[in-house]
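Participant: The structure that follows is given in the form of structure tokens.
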Amino acid sequence: MAILLGSIADDYTGASDLANTLTKNGLRTVQTVGIPGPSLVLPEVDAVVVSLKIRSVAAPEAVRAATAADTWLRQRGASHVLYKICSTFDSTDAGNIGPVTEALKSGSDQMVLVTPAFPETGRTVYLGHLFVGEQPLNESPLKDHPLNPMHDANLVRVLGRQSSGTVGLVGLATVSDGPEAVKARLDTLRATGVTAAIADAIFERDLETLGTVALKTWVSTGASGLGLGLARALVRSGQVPLRTGATADAIRPVGGLAAIVAGSCSRATLQQLAIAEQSMPVLRLDPERLLAGSQEINAAISWAGDRISAGPVVIAASATPEAVCQLQSRYGRDASGHAIESATSFIAAELVARGVRRLVIAGGETSGAAVDRLGIPAFLIGPEIAPGVPVLRTIGNVQGDMLLALKSGNFGGGDFFAAALAMMH
Ligand code: ADP
């Protein structure tokens, strides 16, 4: 199997989001969890998204992991690799986007196109400045992000501070003139010693132009929007026949029990939990007791055991921002976060051991921890539940076939949990 498009995603839910976009735009896509072992048999696909957990790790570690994934993808035929980052460019000045981009480029003298634009979700880039909806990045809620507060909307500067090379700009006027104009601009920039360029994009047609150019280069960096451009370029070039939607195979029923585990504390997740409470049993974990020992975990598993044969259950660590702050100030942000992730992933694994085969997980880090604990090697991408969240079917899972939905905190409407379960049989 030769892969036409490879991607390395800096987190798991971002990987699902990209894989969903590629699938919707005509590519048969698989999401792997880390670099697959030699025994994993992947189906015939056009694109592989290798999910890593490197968004918030030190740059050298991120570079090592991404380079290994790149080697794996290139060995399987990928001639272009997209480094998938968050559409809000989540990173600090000591962040990974610059170092990983440069590491993946090494050996190639081609310019790297970089854009986090994803108009479908309100992320647009104009004159190098990232907008989240109507707000510049540094005025959006991302300015208060607990791990990567974004205080500068000018991505030429942001990426420049993370890079050893010089970062340039491909402005909207050039992008609007089409692929040849973009190529000419990249040649001009390269002649002046620039190694990577932030590209403006406001509309999907801009991403189609950028995808057409990027596809002929070695590596690009961007969010799902650039994935859309690359997928459409592959279809337009005739390398992939247009296929609409996910393969029916991805949602063949798996049976078994169903559960939802939530560790996201985002506003959207809190609202989804409140709505789920009206139709399903919901257990709110006590975070203090979770941190104190295994009693709260055991009680949760036993609570679920009493109810789950009658229908789906929800177990949530999620709390309001005030409660989260309080816990973090007592135990530290990382320590409390990791302890709760460890508890929710343990609970998820115990539920699977007790027959759960349909599992919805809310929270990016929460999903990553649970998928790791379950040891799931890869996913086939199914239909979309909500923008950015597809149904996932496990590939090569030792517990047998499962259907999952991994929801990044802010994604999904109020009825997301019921909507997800309605698509997973
Ligand atoms: P999101 O996608 O919404 O950012 P994540 O799962 O990535 O969600 O992050 C949520 C973090 O909050 C996780 O580390 C999780 O363990 C932690 N967490 C969950 N519940 C609580 C709580 N009650 N108090 C403090 N931290 C919590």
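Participant: Test of understanding: what is the full-extension gain from residue 267 to residue 252, defined as 0.36 nm times their sequence separation minus their Cα-Cα distance?
Facilitator: 2.2 nm
Participant: How do 85, 3, 35 line up, fewest other C-beta atoms within 10 Å first?
Facilitator: So the residues, fewest neighbours to most, are 35, 3, 85.
Participant: Right, next: Taking N as the number of residues in the chain, what value does Rg over Cα atoms divided by 2.2 N^0.38 Å take?
Facilitator: 0.96
Participant: Can you give the extra length, in nm with one decimal, that the chain gains between residue 236 and residue 71 once fully stretched, where that is 0.36 nm per residue apart less the Cα-Cα distance?
Facilitator: The span from residue 236 to residue 71 would gain 56.7 nm if fully extended.
Participant: Another question, then. Can you tell me the 0 to 90 degree angle between the C-alpha axis of helix 12-24 and the longest principal axis of the chain, rounded to 10?
Facilitator: 60 degrees
Participant: I would also like to ask the following. For the stretch 1-68, how big is the tail of P(r) above 18 Å, as a whole percent of Cα pairs?
Facilitator: That tail contains 37 percent of the Cα-Cα pairs.
Participant: Which three lengths, in whole Å and largest first, does the stretch 63-200 cover when its Cα atoms are put on their principal axes?
Facilitator: For the stretch 63-200, the Cα spread along each principal axis is 40, 36, 28 Å.
Participant: Something else now. Over all distinct Cα pairs, what is the inverse of the mean 1/r for the stretch 5-237, reported as the Kirkwood hydrodynamic radius in Å?
Facilitator: For the stretch 5-237, the Kirkwood estimate is 17.2 Å.
Participant: What full-extension length gain, to one decimal in nm, is calculated for residue 333 and residue 190 as 0.36 nm per residue of separation minus the Cα-Cα distance?
Facilitator: Net length gain for the segment: 47.2 nm.
Participant: Let me ask something else about it. Which whole-Hz ³J(HN,Hα) couplings does the stretch 286-298 yield from phi under the Karplus relation 6.51 cos²θ - 1.76 cosθ + 1.60, θ = phi - 60°, glycine and proline marked x?
Facilitator: Result, rounded to whole Hz: 9, x, 4, 6, 4, 6, 7, x, 8, 4, 5, 5, 4.
Participant: Another question, then. If Lys and Arg each add +1 and Asp and Glu each add -1, what is the summed charge of the other residues whose beta carbon sits under 15 Å from the beta carbon of residue 238?
Facilitator: The answer is +3.
Participant: Hey, another quick one. What order do you get for 209, 217 when you list them from fewest to most C-beta neighbours inside 10 Å?
Facilitator: Ascending number of Cβ neighbours within 10 Å: 217, 209.
Participant: Rounding to the nearest 20 debye, state how big the charge dipole of the stretch 251-422 is about its Cα centre with +1 on each Lys and Arg Cβ and -1 on each Asp and Glu Cβ.
Facilitator: Here the stretch 251-422 has a charge dipole of around 280 debye.
Participant: Also, I was wondering about something else. Let me have the relative contact order for the chain, percent, based on Cα pairs under 8 Å that are six or more residues apart.
Facilitator: Value for the chain: 18 percent.
Participant: Once label points are set 7 Å from the Cα along Cα→Cβ at both residue 323 and residue 205, what is their separation, rounded to one decimal in nm?
Facilitator: According to this spin-label approximation, the distance is 4.9 nm.
Participant: Under a 10 Å cutoff between Cα atoms, tell me which one of 19, 292, 68 has the largest fluctuation in the Gaussian network model of the chain.
Facilitator: The residue that fluctuates most here is 292.
Participant: Then there is this: Using the basic label-point model (7 angstrom from Cα toward the beta carbon), what is the residue 299 to residue 173 distance in nanometres?
Facilitator: So the two model labels end up 6.6 nm from each other.
Participant: Would you tally the net charge around residue 104, using a Cβ to Cβ cut-off of less than 13 Å, leaving residue 104 out, and scoring K and R as +1, D and E as -1?
Facilitator: Neighbour charge sum, excluding residue 104 itself: +1.
Participant: Can you tell me the dipole magnitude for the stretch 5-237 around its Cα centre, using point charges on the Cβ only (Lys, Arg +1; Asp, Glu -1), in Debye to the nearest 20?
Facilitator: 500 debye
Participant: OK, next. To the nearest 20 debye, what is the magnitude of the charge dipole of the chain about its Cα centre, counting +1 on the Cβ of each Lys and Arg and -1 on the Cβ of each Asp and Glu?
Facilitator: 700 debye
Participant: Select from 103, 135, 116 the residue farthest towards the positive end of the dipole of the stretch 5-237; place +1 on Cβ of Lys and Arg, -1 on Cβ of Asp and Glu, and compute about the Cα centre.
Facilitator: Comparing the listed Cα positions along the dipole, 103 ranks first.
Participant: Can you sort 150, 280 by how many other beta carbons sit within 10 Å, fewest first?
Facilitator: 280, 150
Participant: Rounded to the nearest 0.05, what FRET efficiency do residue 58 and residue 109 have when you use their Cβ-Cβ distance and R0 = 25 Å?
Facilitator: So the FRET efficiency works out to roughly 0.35.
Participant: Let me ask something else. Give me the base-10 log of I(q)/I(0) for the stretch 252-403 at each q in 0.10 Å⁻¹, Debye formula, one uniform scatterer per Cα, rounded to two decimals.
Facilitator: Normalising to I(0) and taking log10 leaves -0.33.
Participant: Right, next: Taking the convex hull of the alpha carbon atoms in the stretch 156-287, what volume per residue do you get, in Å³?
Facilitator: 213 Å³
Participant: Right, next: What nm distance separates the two modelled labels at residue 286 and residue 126, each placed 7 Å from Cα along Cα→Cβ?
Facilitator: Calculated label separation equals 5.2 nm.
The numbers here are math on the coordinates, done by the rules we state, and not lab data. Not measured: the values here are computed from a predicted model. Using ideal geometry, Cβ is built from the backbone for each residue, glycine included, and neighbour counts are taken over all protein chains shown.
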